[in-house]
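What follows is one structure encoded as structure tokens, with my remarks underneath.
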Amino acid sequence: MRNPIRGLCYVSLAGFLVLSMCLPARAASPEDHPSVPAILDRAESLFQSMKARDYPAIFAALSAKSRETIVAETASALAAISKQAPPGKPTAADAPSTPAKNPAPDPDAVRADFVVGGPIARDYWDAFLRRFDPDAALEHSRWEIGSVGKDQAEILLTHHGAEHPATLRMVLEDGEWKVGLVETFWSR
């Protein structure tokens, strides 16, 4: 007579073998994604461009949303400044028929200035870099790849001594990975 326990063991073993052949050897991790080197290179090149104060390269490394937000905010700030007059002098609002001496550049002119690294871009990035040290990311942080999707990714930057990482958002645009500076650091 056959041993029913032995038969159950054979069936269980056969089932386990079939299942193990159907499952992957291990779950894919974000580090295995083929885009990871390009993602990390782009982020690193942004911080290196900041360190070198290569203003056109900084702007080129940013996502479209980041570029457009920076241009819009800068154009708006320049417009507000141009409307202010020295104390005791009428403002543009007080004297609408009088043209402003230094009219604010329109957003297209601001964008063009950022693209070439002109005086507006220099002032903007110099002010930004007075508050942000690119070496904090380049030399004083541990980098790990976070999630990687079809057109978005995250890099986890943990500054030495910090408990939690900062999450740098990356966006794939026109076949290139770009840094989502606004998407990462601006308040929502």
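Tabulated data
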read-out	value
Rounded accessible area of residue 55 (nearest 10 Å², 1.4 Å probe)	30 Å²
Residues whose placed amide H lies under 5 Å from that of residue 152, excluding near-sequence neighbours	172
GluC sites (Glu not before Pro) restricted to DSSP loop in segment 117-188 with at most 16 other C-beta within 10 Å	139, 163
Heavy-atom accessible surface of segment 115-188: percent carbon and sulfur, 1.4 Å	49 percent
Trypsin sites (Lys or Arg not before Pro) lying in DSSP loop within segment 101-146, provided at most 13 other Cβ fall within 10 Å	101
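The values are calculated or read from the model by the stated rules, or taken from the named source; none is laboratory data. Computed from a predicted model, the values in this text were never measured in an experiment. Cβ: placed from backbone, ideal geometry, glycine included. Neighbour counts: every protein chain shown. Accessible surface areas use protein heavy atoms only, side chains included; no ligands, DNA or RNA. Shrake-Rupley method; radii C 1.70, N 1.55, O 1.52, S 1.80 Å.
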